[in-house]
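Since the structure comes first, as structure tokens, the remarks are kept for the end.
The values are calculated or read from the model by the stated rules, or taken from the named source; none is laboratory data. Predicted model, so just to flag it, every value in this text is computed and none were measured. Here the Cβ positions follow ideal geometry from the backbone for every residue, glycine too, while neighbour counts run over all protein chains shown.
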């Protein structure tokens, strides 16, 4: 069935549910790649004195945050045990980064979590999970 599962995480309580993808990987004898996406550094201030972050400090902070998020999946995989690689990607659109990373890493499934919203609230609020479901040609397993 699936041999390589991508588990995206943003460190939120919701995305922590998708860590159960390591259990799926264990039952299938698959490997896991955990990934997180950070947005590129942007300066929105007109006055230079208003800028409190530099590209270098932002990059350091994002790397530290990504390492924290990815370690949750890596630790869960080690406990099972399942082989787990990690990837930190910088991209404007997380859903696109997820799909591109899945293709680049040779993943044949993506495991994500969902709020379980229905009807108009699901359409209006949207989510990265919905965007991945809509645009991915790779199967997406949604954990609720």
> Looking only at region 105-133, which residues are under 18 Å from residue 15 (Cβ atoms) and either modelled with pLDDT under 90 or exposed (fewer than 14 other Cβ atoms within 10 Å of the Cβ) (or both)?
Replying inline: 113, 114, 115, 116, 117, 122, 125, 126, 127, 128, 129, 130
>> Residue under question is residue 89, and the condition is that it be under 18 Å from residue 140 (Cα atoms) and surrounded by 15 or more Cβ atoms within 10 Å (Cβ to Cβ); does it hold?
In response: no
> Do any residues in region 30-42 that are part of a loop (DSSP other than H, G, I, E, B) have Cβ atoms under 9 Å from those of residues that are crowded, with 24+ Cβ neighbours inside 10 Å, where the two are at least six apart or on different chains, and which pairs are they?
Replying inline: 30/5
> Which condition number does residue 48 fail, the rest of (1) at pLDDT 85 or above; (2) farther than 30 Å from residue 25 by Cβ being met?
Replying inline: (1)
> Restricting the search to region 1-23, which residues are in contact (Cβ under 8 Å) with a residue 24 or more places away in the chain, surrounded by fewer than 20 Cβ atoms within 10 Å (Cβ to Cβ) and part of a helix (DSSP H, G or I)?
Replying inline: 14, 16, 17, 20, 23
> Within region 72-98, can you find the residues that are assigned to a helix (DSSP H, G or I) and over 10 Å from the mean Cα position of the chain (by Cα)?
Replying inline: 72, 73, 74, 75, 76, 77, 78, 79, 96
> Just to be sure, is residue 69 in a loop (DSSP other than H, G, I, E, B), within 20 Å of the chain's Cα centre (by Cα), within 24 Å of residue 142 (Cα to Cα) and modelled with pLDDT of 90 or more?
Replying inline: no
